[in-house]
Amino acid sequence: MKKLVNGINLAVIETTQFQSVKVVVDFYAPFNKETASQRSLLAVLMENSSAAYPDRQAMTTKLNELYGAHYSVSTSRFGRLAKIHLSLKFPNAAIFHDSQLLEKAFAFLAEQIFSPLIIHDQFPDKMFEIEKKNFLTEFLSNFDNKSYKLHDRVLANYFSDANLRVHADGDQALIKQVTNASVVGAYRQMLANDETILTVSGNLSSQKIENLVNKWPIVSQNTINRKNIVYTQAIHELNKISMHEYGDQSLLENAYNFVDYNHLSDQRFTAILFSQLLGGSSQSLLFLSIREKKQLVYYANSLIFGQDGWMLIQAGLDKQNMTAVENEINRQIDKIRQHDFSDRLFSLIKNELITAIVSGQDYQNNTIDREVAGFVSGYKKTTAQTIDLINSVTADQVVAFSKKVIQQTEAVLINED
């Protein structure tokens with residue numbers, strides 16, 4: 001990663017592996033629930049318009065001129081950080097014998113970033129109101145999904161920090177409060193304060209990319225505090241959540257805190273292997289016991305959120321099996337704590353994880369994501385180093401880690417006929 005004079009951190013991944021060029025621009029700032037909805041609506045506006053391409057039709061026409069390029073803007077949260085993520089993917093110039101394709105693509109991306117459709121300090125009123133209404137409608141539609149609704153309750157009851165109790169898009173009340181002026185303000189704050197990272201992957205010249213990006217306007221010279229990007233919290237009392245909805249399937253979602261966990265260290269691989277062994281793999285204890293052997297659930301898995309120091313166990317089941325499933329989940333966690341699993345199973349879990357990592361190298365997005373995550377977190381390992389670290393984790397280390405995994409929420413959604 002090289003910091004250019006205009007403040008942009010640039011990484012170029014030169015590779016002949018892919019037939020396309022992928023350009024990603026990420027803007028990082030501390031996550032704050034009060035600005036989450038402003039930044040998310042800004043992402044929508046930056047995706048659908050700019051001064052040069054004021055509507056979706058003009059945008060589509062331009063992307064077609066770039067040989068069917070794909071452009072998107074989104075927001076997400078990584079630990080204590082908020083991210084606005086712009087992505088542009090287009091074919092390698094050699095395929096269409098267009099020597100200016102790279103220049104045209106970067107000019108388009110610069111237009112989207114530095115020349116939004118802001119006229120007299122605001123977005124066009126009609127466009128803004130339509131986009132805000134659509135954004136709120138889409139956000140609320142997520143709650144038609146019962147799993148999303150239950151997870152929303154878990155977030156609100158698990159996190160001690162109020163900022164992390166909302167989704168990356170904020171919540172209904174915050175979205176309603178967003179104004180044209182506040183989104184314009186969020187845009188200006190993004191350029192003035194966010195750390196900017198531009199990552200490019202493809203069969204191209206690093207120097208040519210650097211020459212193009214050096215022509216872009218100046219952005220913030222700020223650097224995020226890498227010592228404070230991940231989130232941890234103290235243990236609190238177990239919260240029990242119960243919801244009742246009409247439907248055919250009940251849901252369970254339990255949250256667990258990792259005590260004394262350091263995601264920016266090799267300990268992350270012990271945590272990952274614990275989750276994989278418990279429920280994150282087709283060979284996992286939960287999958288083999290409550291799904292395959294006892295057939296108590298339609299699905300059961302565990303998901304680790306290392307940057308937040310926690311894990312979820314999720315299951316879909318019939319309501320009459322709820323107590324049995326809860327008991328079985330606790331039993332499988334206790335089995336790990338008592339080292340009641342075979343060396344063969346632990347080896348299978350490792351091999352499955354390593355296979356996923358190796359096969360992931362075939363995806364351009366993964367290559368870029370690893371580069372950016374390594375730079376943002378300050379913790380970066382090559383694929384070979386990652387494999388070595390996974391292989392070095394012992395079963396005893398996973399057992400010791402499991403004893404510091406403490407349940408914090410027990411959430412159920414019971415279906416009513």
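The values are calculated or read from the model by the stated rules, or taken from the named source; none is laboratory data. Because the structure is predicted, anything quoted here is derived from the model rather than measured. FYI the Cβ positions are ideal-geometry reconstructions off the backbone, even for glycines, and counts take in every protein chain you see. Heavy atoms of the whole protein, side chains included, go into the accessibility calculation; ligands, DNA and RNA do not. Shrake-Rupley method; radii C 1.70, N 1.55, O 1.52, S 1.80 Å.
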3J(HN,Hα) from dihedral phi, the stretch 224-237, Karplus parametrisation 6.51/-1.76/1.60, rounded to Hz, x for glycine, proline | 5, 7, 6, 7, 10, 8, 8, 10, 9, 8, 6, 5, 10, 5
State the volume of the convex hull built on the alpha-carbon positions of the chain, expressed per residue in Å³ and rounded to an integer.
-> 153
Using the Karplus equation 6.51 cos²θ - 1.76 cosθ + 1.60 (θ = phi - 60°), what ³J(HN,Hα) coupling, rounded to whole Hz, does each residue of the stretch 342-354 give in order, writing x for Gly and Pro?
-> 7, 4, 5, 5, 4, 5, 4, 4, 4, 5, 5, 5, 5
Computed magnitude of the charge dipole of the stretch 187-306 (debye, nearest 20; Cβ of K, R +1, Cβ of D, E -1) | 260
Tell me, what is the percent relative contact order of the chain, built from C-alpha pairs under 8 Å that lie six or more residues apart?
-> 22
Evaluate the charge dipole of the stretch 21-93 about its Cα centre and quote only its size in Debye, nearest 20, assuming +1 on the Cβ of each Lys and Arg and -1 on the Cβ of each Asp and Glu.
-> 280
Accessible heavy-atom area order of Leu288, Leu212, highest first, probe of 1.4 Å = Leu288, Leu212
Would you tally the net charge around Lys133, using a Cβ to Cβ cut-off of less than 12 Å, leaving Lys133 out, and scoring K and R as +1, D and E as -1?
-> 0
Exposure of His236 as accessible area (Å², to 10), given a probe of 1.4 Å and all protein chains | 50
Net lengthening on full extension, Thr16/His97 (0.36 nm per residue, minus Cα-Cα) | 27.5 nm
For the Gln233, Glu416 Cβ pair and Förster radius 30 Å, calculated FRET efficiency rounded to 0.05 is 0.35
Neighbourhood charge, 13 Å Cβ-Cβ cut-off, centred on Asp308 and excluding it, Lys, Arg +1 and Asp, Glu -1 | +3
Once you list every other residue whose beta carbon is under 15 Å from the beta carbon of Asn145, what net charge do they have if Lys and Arg are +1 and Asp and Glu are -1?
-> -4
What value, in deg cm²/dmol to 500, does the helix sum -39500 (n - 2.57) over DSSP H runs of n ≥ 4 give at 222 nm once divided by the residues of the chain?
-> -13500 deg cm²/dmol
Using θ = phi - 60° and Karplus 6.51 cos²θ - 1.76 cosθ + 1.60, couplings along the stretch 180-185 (whole Hz; Gly, Pro as x) | 4, 5, 5, 6, 4, x
Please give the solvent-accessible surface of Val219 in Å², to the nearest 10, using a probe radius of 1.4 Å with every protein chain present.
-> 10
Roughly how many whole Å is it from the C-alpha centroid of the stretch 44-109 to that of the stretch 367-417?
-> 32
Return the distance in nm (one decimal) between the two label points of a simple spin-label model at Gln320 and Ala173, each offset 7 Å from Cα along Cα→Cβ.
-> 4.2
If each of Met127 and Asp55 carries a label point 7 Å out from its Cα toward its Cβ, how far apart are those two points in nm?
-> 1.0
Going down the table (Lys83/Lys215; Lys350/Lys403; Lys83/Lys404; Lys350/Lys380; Lys126/Lys215), which pairs top 28 Å between alpha carbons?
-> Lys83/Lys404; Lys126/Lys215
Pseudo-spin-label distance Arg344 to Gln361, built 7 Å along Cα→Cβ, given in nm, is 3.0
